[in-house]
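**Student:** Before anything else, here's the structure in question.
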Amino acid sequence: MNNVIGELSAILEERKGASADSSYVASLYSKGLNKILEKVGEEATETILAAKDAEKSGDNSELIYETADLWFHTMVALKHLDVSPEQVLEELARRFGLSGLEEKANRTK
């Protein structure tokens with residue numbers, strides 16, 4: 001599973017140097033963080049709506065599709081800010097064995 005994330009991360013890094021005319025990701029990078037975050041927000045909304053529809057219909061296919069879009073655009077945002085998927089995975093691993101309530105109570109933000 002991590003191979004997919006690693007491969008995608010490498011492609012997203014390569015696209016940083018590509019022409020905006022030749023790559024969707026390069027065009028997002030060229031438009032800047034605000035445009036990338038706009039796409040993350042759009043995909044988050046579509047994921048929420050797909051989840052609500054999936055609960056009613058029992059069909060998760062649209063939810064899976066929209067979640068993939070959300071993850072993709074989130075990875076573009078992270079890569080734009082030079083954050084690696086490994087850093088996010090390390091944070092998730094750090095939380096193993098930690099109660100969600102405890103983790104929330106320990107936040108400094």
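The values are calculated or read from the model by the stated rules, or taken from the named source; none is laboratory data. Only a predicted model underlies this, so the values are computations on that prediction, with no experimental measurement involved. As a convention, Cβ positions derive from the backbone with ideal geometry for all residues, glycine included, and neighbour counts pool all protein chains shown. Just so you know, the surface numbers come from the protein's heavy atoms only, side chains and all, with ligands and any DNA or RNA stripped out. Shrake-Rupley method; radii C 1.70, N 1.55, O 1.52, S 1.80 Å.
**Student:** Residues of the stretch 42-60 with the amide nitrogen closer than 13 Å to a label point 7 Å from the Cα of Ala77, along Cα-to-Cβ, please.
**Tutor:** Output list for this probe position: 42-47.
**Student:** Could you give the distance between the Cα centres of the stretch 48-69 and the stretch 82-103, to the whole Å?
**Tutor:** Between the Cα centre of the stretch 48-69 and that of the stretch 82-103, the gap is 25 Å.
**Student:** Under 11 Å from the Cβ of Glu62, count the other residues' Cβ atoms, weight Lys and Arg +1, Asp and Glu -1, and hand me the total.
**Tutor:** After counting each charged neighbour, the total is -4.
**Student:** Here's a follow-up. Find the accessible area per residue for the chain; the probe is 1.4 Å, ligands and nucleic acids are left out, and the unit is Å².
**Tutor:** 71 Å²
**Student:** Let me ask another. Bins of 10 Å, beginning at zero and ending with the bin holding the largest distance: percent of Cα pairs per bin for the stretch 47-109, please.
**Tutor:** Values per bin, smallest distances first: 19, 28, 40, 14.
**Student:** May I ask which of Lys52/Lys104; Lys79/Lys104; Lys39/Lys79 have a Cα-Cα span longer than 18 Å here?
**Tutor:** Lys52/Lys104; Lys79/Lys104
**Student:** Most fluctuating residue of Gly17, Gly58, Gly32 in a GNM of the chain with Cα springs under 10 Å: which is it?
**Tutor:** Result: Gly58 has the largest fluctuation of those listed.
**Student:** Let me ask something else. Given a 10 angstrom Cα cut-off, can you work out which residue in Lys16, Lys31, Lys56 is the most mobile in a GNM of the chain?
**Tutor:** Lys56
**Student:** Under 10 °C and 1.306 mPa s, how fast does the chain diffuse according to Stokes-Einstein, given a Kirkwood radius computed over C-alpha pairs? Answer in µm²/s, whole number.
**Tutor:** For the chosen part, D equals 101 µm²/s.
**Student:** Of Leu92, Leu28, Leu49, which is the most mobile in a GNM of the chain whose springs link Cα atoms less than 10 angstrom apart?
**Tutor:** Between Leu92, Leu28, Leu49, it is Leu92 that shows the largest mean-square fluctuation.
**Student:** OK, next. Determine the share of the chain's accessible area contributed by carbon and sulfur atoms, expressed in whole percent, with a 1.4 angstrom probe.
**Tutor:** Percent of accessible area from carbon and sulfur atoms in the chain: 56.
**Student:** Right, next: With helices defined as uninterrupted DSSP H runs, which ones in the chain have an alpha carbon span along their own long axis of at least 15 Å and mean Kyte-Doolittle hydropathy of at least 0.0?
**Tutor:** Span-like helices in the chain: 61-80.
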